[in-house]
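Notes to accompany the following structure.
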Amino acid sequence: MERVPVETRILKSNDDYAQANRRLFRQRGITAINFMSAPGAGKTSVLEQTLRQLDGAFHPAVIEGDLYTTLDADRIQAIGVPAYQITTGTCCHLDARMISRAICEFPLHGIDTLCIENVGNLVCPAEFDLGEDLRVMVYSVVEGAEKPRKYPLMFHQSHAVLLNKVDLVPYAGVSIQELEDNVLAVNPNAAIFPVSCRTGQGLSNWIDWLTRSLDLLRAPAVASGCV
Ligand SMILES: Nc1nc2c(ncn2[C@@H]2O[C@H](COP(=O)(O)OP(=O)(O)OP(=O)(O)O)[C@@H](O)[C@H]2O)c(=O)[nH]1
Ligand SMILES: [Mg+2]
């Protein structure tokens with residue numbers, strides 16, 4: 001009898017659900033974006049700022065992932081964007097099956113951009129394809145410049161890395177140049193944006209990049225999903 005490692009089987013099953021999600025998103029003309037970070041790096045703050053500033057050409061909705069509360073979905077609904085909360089209990093990441101269930105219950109009619117905020121965790125979320133088109137990592141600069149080398153997977157997997165909380169650089173004493181070099185060492189293709197959700201610094205560059213990426217992904221010629 002062939003022995004299949006449990007982790008391999010879990011990821012294979014996840015990939016099947018992710019492919020089904022991806023097909024469904026394509027059919028409905030939805031671009032899905034997976035926002036990942038360690039707890040508290042600023043995913044919901046980035047979403048609040050981004051959704052406020054995306055122009056009316058986009059029709060977004062948000063799926064929130066958290067262990068227990070609906071606090072983040074409440075924040076998104078408060079700015080007038082539809083939001084659905086997945087509470088994972090003890091599970092430290094979202095998986096494609098959770099997204100598959102959520103999109104059965106959460107009407108996506110008229111939605112063309114689905115933002116998914118993953119559970120706060122610097123490691124596990126990056127291992128699970130959700131069927132998304134874009135992966136965006138939010139990193140709090142106060143955590144230090146060396147983390148991309150210590151925890152490379154999420155940095156490596158992400159199309160864009162937002163270096164958030166740059167307003168705190170004077171207090172944290174972290175070098176943004178060293179941090180950017182370390183991100184590029186594990187992911188030379190990453191689009192990197194030093195930003196502050198507190199002061200608004202750098203957000204327009206990020207929004208421009210996101211808008212261009214969404215336009216490209218919506219164009220039929222790049223229906224393969226690569227940016
Ligand atoms: N100084 C500063 N604080 C920020 C910035 N962005 C977010 N914060 C604060 O950081 C804390 C966490 O922000 P959230 O947006 O909730 O972070 P999150 O990644 O969604 O957190 P979880 O969903 O719990 O993982 C909040 O107190 C925010 O006000 C920033 O650019 N500068
Ligand atoms: Mg959050």
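Between W206, S196, H156, whose Cα lies farthest towards the positive end of the dipole of region 6-215 when Lys and Arg beta carbons carry +1 and Asp and Glu beta carbons carry -1, centred on the Cα centre? So the residue furthest toward the plus end is H156. Label-to-label distance for Y68 and R23 is 3.9 nm, based on points extended 7 Å past Cα in the beta-carbon direction. Note that region 6-215, at 4 °C in a medium of 1.567 mPa s, gets a Stokes-Einstein diffusion coefficient of 75 µm²/s from its Kirkwood radius over C-alpha pairs.
Annotation: lysines with alpha-carbon distance below 28 angstrom to K165 (same-chain offsets under eight excluded): K43, K147, K150. Each Lys and Arg adds +1 at its Cβ and each Asp and Glu adds -1 at its Cβ; summed about the Cα centre, region 6-215 shows a dipole of about 240 debye. Close amide-amide hydrogen proximity is noted between I192 and V161, each under 5 Å apart and 5 or more residues distant or on a separate chain (H modeled in the peptide plane; Pro and chain starts excluded). Along the charge dipole of the chain, Cβ charges K/R +1 and D/E -1, which of V169, A32, T70 sits furthest on the positive end? Of the listed residues, the answer is A32. Among complete DSSP H helices in the chain, those whose alpha-carbon atoms stretch at least 18 Å along the helix's long axis and whose mean Kyte-Doolittle hydropathy reaches -1.0 are 203-218. Secondary-structure-derived ellipticity at 222 nm for the chain, considering helices only, amounts to -12000 deg cm²/dmol, per-run term -39500 (n - 2.57) for DSSP H runs with n ≥ 4. In the context of the full set of protein chains, region 104-227 has a per residue accessible area of 45 Å² (1.4 Å probe).
The fraction of accessible area contributed by carbon and sulfur in region 6-215 is 51 percent, rounded to a whole number (1.4 Å probe; ligands and nucleic acids excluded).
The values are calculated or read from the model by the stated rules, or taken from the named source; none is laboratory data. What you see is a predicted model, and the numbers here were worked out from it, not measured in a lab. Glycine also receives a Cβ, built like all others from the backbone with ideal geometry; neighbour counts cover every protein chain displayed. All accessible areas refer to the heavy atoms of the entire protein, side chains included, with ligands and DNA or RNA removed. Shrake-Rupley method; radii C 1.70, N 1.55, O 1.52, S 1.80 Å.
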